[in-house]
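Okay, so here's the structure we're looking at.
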Amino acid sequence: MKTPVGEAPTGRFLMRTHHRFSVCFPVSYRGGPFLGHGTVENISARGWKIKGVSPGEVGTQISMHIDCIEHEPPVRISSARVQWVRERAFGVAIEEGDPFELMRLKECI
């Protein structure tokens, strides 16, 4: 059974502790042999929502390239882990990224 976003399995709403920023950034991601493309839809300090085909099940480690700065190379995230999967969308938590790359991403928001 799927749990609606913002609801606990008991039907109670969960209070988010981090603000989400709505974005629309093209992203490519790789998890093992899988290569996919999608759109980052929102970002928070705890994770990201990506619209696209999931690179695997919960726990899959991926790397990502995000196109958020026009005429600049993509921002590279070396390690993120799939946290949840739903129809044509999935969530990731960033595990490792170069501080310079994360600063570039922050400038996009």
Tabulated pairs, region 93-107, first of a type in the set (Gly, Ala, Ser), second modelled with pLDDT of 85 or more and open to solvent by 30 Å² or more (accessible area, probe 1.4 Å), C-beta under 8 angstrom, 6+ apart or interchain
ALA93/ARG81; ALA93/GLN83; GLY97/ARG76; GLY97/SER78
Selection within region 40-51 - surrounded by fewer than 16 Cβ atoms within 10 Å (Cβ to Cβ) and under 12 Å from ARG81 (Cα atoms)
ARG46
Looking only at region 86-109, how many residues end up being part of a strand (DSSP E or B), farther than 19 Å from SER22 by Cα and at pLDDT 85 or above?
1
When you scan region 23-35, do you find a residue that is loosely packed, with under 14 Cβ neighbours inside 10 Å, under 16 Å from VAL75 (Cβ atoms) and modelled with pLDDT under 95, even just one?
yes
So SER54 passes all but one of these: (1) at positive phi; (2) open to solvent by 20 Å² or more (accessible area, probe 1.4 Å); (3) small (Gly, Ala, Ser). Which condition number does it fail?
(1)
Within region 61-78, is even one residue out of contact with any helix residue (DSSP H, G or I) (no Cβ under 8 Å at 6 or more places or on another chain), among the hydrophobic types (A, V, I, L, M, F, W, C) and surrounded by fewer than 15 Cβ atoms within 10 Å (Cβ to Cβ)?
no
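The values are calculated or read from the model by the stated rules, or taken from the named source; none is laboratory data. Keep in mind it's a predicted model, so treat the numbers as computed, not measured. Heads up, the Cβs are rebuilt from the backbone with ideal geometry, glycines too, and the neighbour counts pull from every protein chain shown. All accessible areas refer to the heavy atoms of the entire protein, side chains included, with ligands and DNA or RNA removed. Shrake-Rupley method; radii C 1.70, N 1.55, O 1.52, S 1.80 Å.
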